[in-house]
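In what follows, a single structure is set out as structure tokens and then discussed.
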Amino acid sequence: MSLIHPTAIIEDGAVLGADVEVGPYAHIGANVKIGDGTIIKQGAIIDGHTTIGSQCQIFPYALIGMKTQDLKYQDGSVSYVEIGNRTVIREFATVHLGTADGEKTIIGDDCLFMCYCHAAHGVILGNHCICSNSVQLAGDVHLEDYAIVGGCTGSHQFCTVGTHAMVGGLTKIRQDIPPYMLCDMVEGACKVIGVNVVGLTRRGVSRETISALKDAHRFLYREGMNRSQALDRVENDVEQLPEIKRLVAFYRNSKRGVA
């Protein structure tokens, strides 16, 4: 049984699952689908072609599925927002629709998108991602699973933050952030400062894997080699665990370059 406050507006066509709660003055658009047990708190607005999974929490005054700010958007285009299960969207966060027909802005399962964060058109967050307060993600930014981005960080469009990476607060992301690494602002630039040991340990990654990642980091950032030479050393001199292979592939496939 859904619990809908009498002041909430649910437009005809909206589909609400079982046990959905909608708070005072919230507004749910006609093309919205909301999964079982999700809670929409007071004043939140969910519009556009938006799908939200089960057991999510949408906090007061969050805006989801609003028209993109991309000036290339053409009126009449049909684009989407998709949010997975058990994800939390905090106060005043904004998640915008895609730009072109069919484009999706996606936030995966078990994510935390804190106050005042912004996901522009075509942004994709994997599962278990965390964006701290006021993170601003420009169009087509991609956060892989378990990525964490510190507060007040801004990302240039098309950048990727790799899996299990952690980016410090107040960072300016202009290039891709490699997986498993810890990045922060150093002398005005985003720098890879080491392996994300604490995060990886908390998630049960083995000591063997962390040690191999430390060796890879040493070749990539401490030995004074160019990137191509360093990657060759990583492939030849570091045990080729799945995480090492993924790290090397990330560098080789990057289109924006890696921090």
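The values are calculated or read from the model by the stated rules, or taken from the named source; none is laboratory data. Keep in mind that what you see is a predicted model, and the values were worked out from it rather than measured. Backbone-built Cβ (ideal geometry, glycine too); neighbour counts: all protein chains shown. These area figures cover heavy atoms from the full protein model, side chains too; ligands, DNA and RNA do not enter into them. Shrake-Rupley method; radii C 1.70, N 1.55, O 1.52, S 1.80 Å.
Quick notes
- Shape class for the stretch 81-135: oblate, because the ratio a/c of the largest to smallest gyration tensor axis (alpha-carbon atoms, square roots of eigenvalues) is 1.5 or more and b/c is at least a/b.
- With the helix formula -39500 (n - 2.57) applied to DSSP H stretches of n ≥ 4, the chain reaches a computed 222 nm mean residue ellipticity of -5000 deg cm²/dmol.
- Solvent-accessible area, 1.4 Å probe, carbon plus sulfur percent, for the stretch 127-225: 48 percent
- With the charge dipole of the stretch 1-84 set up from +1 on Lys and Arg Cβ and -1 on Asp and Glu Cβ about the Cα centre, the Cα lying farthest toward the positive end among the listed residues Met66, Gly29, Thr7 is that of Met66.
- Heavy-atom accessible area per residue - the stretch 1-110, 1.4 Å, Å²: 47 Å²
- Virtual spin-label span in nm between Asp19 and Arg246, 7 Å along Cα→Cβ: 3.2 nm
- Accessible-area composition of the stretch 1-46, carbon plus sulfur, in percent [1.4 Å probe]: 56 percent
- Each Lys and Arg contributes +1 and each Asp and Glu -1, all at the Cβ; summed about the Cα centre of the chain, the dipole is approximately 800 debye.
- For the stretch 105-118, 3J(HN,Hα) computed residue by residue from phi via the Karplus equation (6.51, -1.76, 1.60; θ = phi - 60°) reads 9, 10, 10, x, 7, 6, 9, 10, 10, 7, 3, 6, 6, 9 Hz, glycine and proline entered as x.
- Between Thr7 and Ala30, residue separation times 0.36 nm minus the direct Cα-Cα distance comes to 6.6 nm.
- In the stretch 135-226, taking the dipole from charged Cβ atoms about the Cα centre, the farthest positive-side position among Thr201, Ile177, Thr153 is held by Thr201.
- Under 27 Å from the Cα of Lys214 - lysines, other chains or at least 8 residues apart: Lys172, Lys191, Lys245, Lys255
- The stretch 85-116 residues near the modelled Gln42 label - backbone nitrogen below 15 Å, point 7 Å along Cα→Cβ: 91-92
- Protection proxy ranking, peptides 194-201, 220-227, 35-42, average beta carbon neighbours within 10 Å, highest first: 35-42, 194-201, 220-227
- Between Lys104 and Arg203, the FRET efficiency from the beta-carbon distance, with R0 = 25 Å, is close to 0.40.
- For the chain, share of DSSP beta bridges that run antiparallel, in % to the nearest 5: 10 percent
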